[in-house]
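The values are calculated or read from the model by the stated rules, or taken from the named source; none is laboratory data. Because the structure is predicted, anything quoted here is derived from the model rather than measured. In this analysis, Cβ positions are derived from the backbone assuming ideal geometry, glycine residues included, and neighbour counts consider all displayed protein chains.
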Amino acid sequence: MSDATEQGDAPTLAGDLLMILRHAPHGSSWLKEGLDVALVAAAFGRDVTLLFSGEGVLSLLTEQGAGALGQKGTHPVIEMLGMYDIETLLVDADALTAYGLDREDLFVPVRPVSSVEMAQALRCHLLVLNF
């Protein structure tokens, strides 16, 4: 599969599995389950791309703590993505703007993508899972 948009060292928008993470880090288990699926897929050799969209961008905030019900934060899992060769982290640029955030507010390096680039990523991945 050919690379979609290469901009210098920018990550490609193509791959085996695109995981769309759109839920907040607390209040449900969707985000944690999505991250767990991504780690398992990567452990089995899949080229995994993560797209944080909607409330999912909140999981990337530097000052994230435990949830109200004692739920563990997702920072430790996100910090070890590189150990599983999950290198392509995309974030919905519109969601960042909606929450008044920019890349400096996030604790991991991400590539902001427009709605056009998100559509391109959807087309260029073999599998898409939404959490």
Q) Just one of 76, 109 is assigned to a loop (DSSP other than H, G, I, E, B) and surrounded by fewer than 14 Cβ atoms within 10 Å (Cβ to Cβ); which is it? A) 109
Q: Please find, among 17, 89, 35, the residue that is modelled with pLDDT of 90 or more, touching a Ser or Thr at 6+ places or on another chain (Cβ under 9 Å), assigned to a helix (DSSP H, G or I) and surrounded by 16 or more Cβ atoms within 10 Å (Cβ to Cβ).
A: 35
Q. In the range 112-130, which residues are in contact with a strand residue (DSSP E or B) (Cβ under 7 Å, 6 or more places away or on another chain) and either more than 18 Å from residue 14 (Cβ to Cβ) or not in a helix (DSSP H, G or I) (or both)?
A. 112, 113, 125, 126, 127, 128, 129, 130
